[in-house]
1. Going through the range 29-45 one residue at a time, which ones are surrounded by 23 or more Cβ atoms within 10 Å (Cβ to Cβ) and either closer than 24 Å to V401 by Cα or of a type in the set (K, R) (or both)?
2. Scan the helices (runs of 4 or more DSSP H) fully inside the range 323-415 and keep the ones with 2 or more residues being modelled with pLDDT under 95.
3. Counting only residues that are over 19 Å from the mean Cα position of the chain (by Cα) and farther than 30 Å from V364 by Cα, give me the strands (runs of 3 or more DSSP E) lying completely in the range 169-257 with at least 3 of them.
4. Would you check which residues across the range 46-64 are of a type in the set (A, V, I, L, M, F, W, C) and open to solvent by 10 Å² or more (accessible area, probe 1.4 Å) and list them?
5. Scan the range 92-116 residue by residue and report those that are under 11 Å from G58 (Cα atoms) and touching a residue at least 60 places away in the same chain (Cβ under 8 Å).
6. Would it be correct to say that I159 is of a type in the set (A, V, I, L, M), at pLDDT 85 or above and assigned to a helix (DSSP H, G or I)?
7. R192 - would you say it is under 24 Å from V27 (Cβ atoms), open to solvent by 10 Å² or more (accessible area, probe 1.4 Å) and either out of contact with any helix residue (DSSP H, G or I) (no Cβ under 7 Å at 6 or more places or on another chain) or hydroxyl-bearing (S, T, Y) (or both)?
Amino acid sequence: MNRQGGEIHEECGVFGIFGVPDAANLVYYGLHALQHRGQEGCGIVACGEDGTLRRIKGQGLVTEVFDEDKLGSLPGSMAIGHVRYSTTGASTIENVQPFLFHHNTGDFALAHNGNLVNSSQLRRYLEDNGSLFQSSSDSEILAHLIRKDTQDRKKPRIIAIKAALNMIEGAFAFLILTSHRIYACRDKHGLRPLSLGRIGENGYVVSSETCAFDVMGAEFIRDIEPGEIVTIDRQGVRSSFYSDFRHHFMCAMEYIYFSRPDSDIEGCNVHNFRKLSGKLLFREQPADADIVVGVPDSSLSAAMGYAEAAGLPYEMGLVKNKYIGRTFIQPSQEMREKGVKMKMSAVKTVVGGKRVVLIDDSLVRGTTSKRIVSMLRDAGASEVHLRLASPPITRPCFYGVDISTYDELICAHKSQEEVRKILGADSLAFLSEEALFEAGRRSELCLACFNGHYPTYLYQSIEEANKDGKF
């Protein structure tokens, strides 16, 4: 979760189509719907009728990388795509996905959302055994593991995929495209979302979020289960599992921040989750105020819920400039800080003379929150009470969200009162962990960035991660 300039950063998004003419065109629209999950680069690999895999990728937004001519050069009824924010690996064209690999047992392409926590060990093992890496991305590791185990042409590729998945540890949603089929794979902990849909008579869609289905009129079938491999080909859809160890430790930040409000994740609508969390936030942390203002865009649902529960007016006290990209995509701290100033403004006639409850989704570095509190005061707000629709983020994340050190986290070593003073708010309060389970009506979530309880075996405690030199 990389909040450069104070904002949480999305991970990546994957999207795949099978059994639809000009599949690359639909992948384009699917990636556009997932653009919020990654804005540094994108790519599409399509399989033509002759079985040839063709790829186009580039740095920038989907609309910047692709045009009609480029999409026309990607024929075929199968395609996968990817939107990227760099978590492991630098922001270079070599690391933009999908990756395309040529092998004597058949070419294949791969797209990945998430992060592998044992990537350094696996990379060392593979390089010692002759593998040559094209990128610094951990996503390429799976491809080398698959290739390593597919030397026997008679062995079905899914056997190699299962063997490879059992060697990697971390959070992932993988799409693998071959000349005949698409494999959709989800990590056994259930940390990253992946959904299956139907389009047309014989077409299927796989997406990081269900919001991409609506763009093309696809029908949601179901979520792909943790530890599951869904195979899609001319025979239809088949399911198998590579692990008997399976949990639904969905990353809580998918609900709190990452996903679009019109997406459904494991049976729970994101907007409804956020709105209920806002109501629970008022129940736990009320404030004596005149109006409720949400920080655009991911905090608006929680602000609506808070205002409804409090019986206070929900006002548009902050306006976002939609033509300014989120501050996290800026490469330098100076540019990020300028981005915070350019992207949002306070509405003076709305907040002037008012006691404001400011609702934000989470607090990471604090840069943006401090700026917004100051902005509201400059606009005439008499009081600013900051309420966060999540617990304090006190631990790094290793699962595809780019917070890797304590130093980045304002709540890691400071008391709540110290943080309040730094931000300049009249009061500061957070949502409880228990409320997140209640909002999602579920018993399992990954809350590692809040409490340090990591679901994977490498980092099951903050002490273990510290021993590995991660902090």
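The values are calculated or read from the model by the stated rules, or taken from the named source; none is laboratory data. Source: prediction; values computed, not measured. A quick note on method: Cβ atoms are made from the backbone with ideal geometry, for glycine too, and the neighbour counts reach across all protein chains shown. Note: areas computed on protein heavy atoms with side chains; ligands, DNA, RNA excluded. Shrake-Rupley method; radii C 1.70, N 1.55, O 1.52, S 1.80 Å.
1. Taking the range 29-45 as the starting set, the residues that turn out to be surrounded by 23 or more Cβ atoms within 10 Å (Cβ to Cβ) are 30-31, 33-34, 37-38, 41-45.
Passing the criteria: G30, L31, A33, L34, R37, G38, G41, C42, G43, I44.
2. On the way: elements: 333-343, 348-351, 367-378.
Passing ranges, in order: 333-343, 367-378.
3. Correct list: 195-199, 219-223, 228-233, 236-241.
4. Step one: list which residues in the range 46-64 are of a type in the set (A, V, I, L, M, F, W, C), which gives 46-47, 53, 56, 61-62.
Those that are of a type in the set (A, V, I, L, M, F, W, C) and open to solvent by 10 Å² or more (accessible area, probe 1.4 Å): L53, I56, L61.
5. Of all residues in the range 92-116, those under 11 Å from G58 (Cα atoms) come to 92-98.
Hits for the range 92-116 are Q97, P98.
6. Numbers: of a type in the set (A, V, I, L, M): yes; at pLDDT 85 or above: yes; assigned to a helix (DSSP H, G or I): yes.
When the stated conditions are applied, I159 passes them.
7. Details: under 24 Å from V27 (Cβ atoms): yes; open to solvent by 10 Å² or more (accessible area, probe 1.4 Å): no; either out of contact with any helix residue (DSSP H, G or I) (no Cβ under 7 Å at 6 or more places or on another chain) or hydroxyl-bearing (S, T, Y) (or both): yes.
In short, no.
The rows are residues; the columns are (1) touching a helix residue (DSSP H, G or I) at 6+ places or on another chain (Cβ under 8 Å); (2) of a type outside the set (S, T, Y).
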{"site": "F213", "(1), (2)": "no, yes"}
{"site": "H247", "(1), (2)": "no, yes"}
{"site": "S259", "(1), (2)": "yes, no"}
{"site": "D264", "(1), (2)": "yes, yes"}
{"site": "R274", "(1), (2)": "yes, yes"}
